[in-house]
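One structure is given below, encoded as structure tokens.
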Amino acid sequence: MAIITKEWKGTEYFPITELDHVEFYAGNAKQAVHYYRTVFGFKPYAYAGPETGRRDAVSYVLKQNKIFFVITTPLNSSHPATDWLKTHGDGVCDVAFKADSAKEAYESCLSRDAKSAYDFTEISDENGTFRKAAIKTYGDTIHSFIERKDYNGLWAPGYEKLEMGPVSFEDPGLILMDHIVGNVDDGKMDTWKEYYERVFGLTNFIVFDEGDISTKFSALKSRVMRSKNWKVLFPINEPAKGLKKSQIEEYLEFNEGPGVQHIALLTSDIIKTITALRKNGVEFLYVPDTYYDDILDRVGPIDEALAPLKELGILIDRDDEGYLLQLFTKPVEDRPTLFYEIIQRKGSRGFGQGNFQALFESIESEQERRGNL
Ligand code: FE2
């Protein structure tokens with residue numbers, strides 16, 4: 001059985017309040033921006049590139065309510081992102097935290113054996129002083145600490161307002177990043193759990209082992225880490241032995257190492273959100289009709305009518321605190337790596353463990369079609 005530990009057992013080495021943004025490396029940011037605008041409903045926010053004096057890369061900042069995505073493309077072969085992209089393909093390079101003091105957070109982490117990704121940097125312009133620093137985590141992923149308390153500009157020095165022509169899309173109303181999941185190498189999950197305990201002072205909230213999440217073919221092991229205020233939630237997965245290749249193994253093979261597997265985006269009206277995203281062209285995992293046959297016996301009464309949930313393929317799970325509604329996209333790149341989850345929480349602070357069985361069967365049918373099972 002999954003082990004759930006709700007009490008806080010972490011240590012507040014430095015304040016962890018919330019995530020600042022996620023940065024992606026992409027082979028062609030201009031095209032990725034169009035996708036995130038027209039399909040996921042993000043709005044242009046800020047830009048840095050040759051037009052703003054940056055010669056080696058472009059970064060587009062996109063915004064939707066409290067979600068900030070930065071999409072960066074290197075402009076030459078010697079930029080470090082070029083090697084990153086050669087290895088991993090498009091994906092998440094940085095899960096960035098908001099920091100009261102970037103220097104204090106960074107030095108605090110280094111004092112507990114974190115490795116530097118880039119040194120503490122202070123940049124000033126007419127809008128004030130912007131500070132950042134970063135440490136390494138699993139694979140080639142990093143955690144930046146972003147400090148804007150003395151900075152009044154739009155995003156960061158070197159960035160200008162991003163102006164783009166209108167595009168048409170249905171607004172999905174995504175609110176914030178609920179959780180971000182990392183896939184790590186076989187046998188390394190507890191090492192990374194300990195890393196987040198030691199370096200960030202996070203606490204281990206949920207433990208899933210093979211017996212909790214498994215199908216005939218594959219299984220998953222997971223440790224969910226959280227901050228004291230519950231606003232930073234990091235599940236960490238490793239593959240578990242099954243008869244065939246697990247989805248985590250497929251990820252590790254195609255990503256050529258550990259990395260961010262999925263980002264869960266929170267909504268307060270999942271029926272509206274999934275209707276909009278499907279209209280915009282998002283491809284979701286197929287949920288078999290049979291999933292809904294006995295669903296209300298399993299989860300009890302819910303506020304929503306079942307018919308639209310079934311029509312849209314939305315999954316439901318309940319725990320002792322309430323229930324949640326969720327749905328997972330197919331991978332958003334050609335490599336079967338990064339995907340998204342859309343989640344609405346109605347009291348539950350869980351991750352939809354009761355859905356994993358139905359979900360894995362759907363994921364495995366996709367893996368089989370790719371010849372990776
Ligand atoms: Fe998730």
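Each reported figure results from applying straightforward, stated rules to the coordinates on display, with no laboratory input. Small disclaimer: the values here were computed from a predicted structure and weren't measured. Every residue, glycine among them, receives a Cβ derived from its backbone with ideal geometry; neighbour counts consider all protein chains shown.
Placing R0 at 22 angstrom, the Cβ-Cβ distance between Lys231 and Lys103 gives a FRET efficiency of 0.50 after rounding to 0.05.
What is the diffusion coefficient of segment 80-132 in µm²/s, taking the Kirkwood radius over Cα pairs and the Stokes-Einstein relation at 37 °C with a viscosity of 0.692 mPa s? Display every interim value, and only then the final one.
Details: Rh = 13.3 Å.
D, rounded to a whole number, is 246 µm²/s.
Please give the peptides 5-16, 126-137 ranked by average Cβ packing (other Cβ atoms within 10 Å per residue), highest first, as a rough proxy for protection.
Working: 5-16: 14.3, 126-137: 19.2.
Highest-to-lowest ranking by the protection proxy: 126-137, 5-16.
Considering all different alpha carbon pairs of segment 171-370, the Kirkwood hydrodynamic radius works out to 17.3 Å. Among 66-78, 313-325, the peptide with the highest mean count of other Cβ atoms within 10 Å heads the list, and the full ranking is 313-325, 66-78. Relative to its Kirkwood radius, the Cα radius of gyration of segment 19-161 gives an Rg/Rh of 0.95.
What 222 nm value per residue comes from the helices of the chain, counting each DSSP H run with n ≥ 4 as -39,500 (n - 2.57) and dividing by all residues, nearest 500 deg cm²/dmol? Walk me through the numbers on the way to the answer.
Working: 9 runs with 86 residues, N = 373.
Result for the chain, helices only: -6500 deg cm²/dmol.
Here the chain is treated as a sphere whose radius is the Kirkwood value from Cα pairs; by Stokes-Einstein at 10 °C and 1.306 mPa s it diffuses with a coefficient of 74 µm²/s.
Length gain on complete extension for the stretch Glu256 to Gln357, per 0.36 nm per residue less the alpha carbon to alpha carbon distance?
Values: separation 101, 0.36 × 101 = 36.36 nm, distance 2.63 nm.
Contour length minus Cα-Cα distance gives 33.7 nm.
Partner aspartates and glutamates whose Cα lies under 15 Å from the Cα of Lys149, excluding those fewer than 8 positions away in the same chain, are identified as Glu18, Asp20, Asp100, Glu104, Glu122, Asp125, Glu126. List the aspartates and glutamates whose Cα sits under 16 Å from the Cα of Lys330, skipping any in the same chain fewer than 8 residues away. Counting by Cα, and skipping residues close in sequence, Lys330 has these aspartates and glutamates nearby: Asp90, Glu250, Glu283, Glu341, Glu361, Glu364, Glu366, Glu368.
How many percent of the alpha carbon pairs in segment 241-358 exceed a separation of 20 Å?
Details: 3144 of 6903 pairs.
Looking at segment 241-358, the distances longer than 20 Å represent 46 percent of pairs.
For Thr191 and Arg55, a Förster radius of 30 Å and the Cβ-Cβ distance give a FRET efficiency of 0.15, rounded to the nearest 0.05. Under the simplified labelling scheme, the Glu163-Asp289 pair shows an inter-label distance of 5.3 nm, with each label point 7 Å from Cα along Cα→Cβ. The gain in end-to-end length when the Leu176 to Glu12 segment is fully stretched comes to 56.7 nm, 0.36 nm per residue minus the alpha carbon separation.
Would you please give the FRET efficiency between Arg370 and Glu311, computed as 1/(1 + (r/R0)^6) with r the Cβ-Cβ distance and R0 = 41 Å, to the nearest 0.05?
That pair, Arg370 with Glu311, gives E of 0.95.
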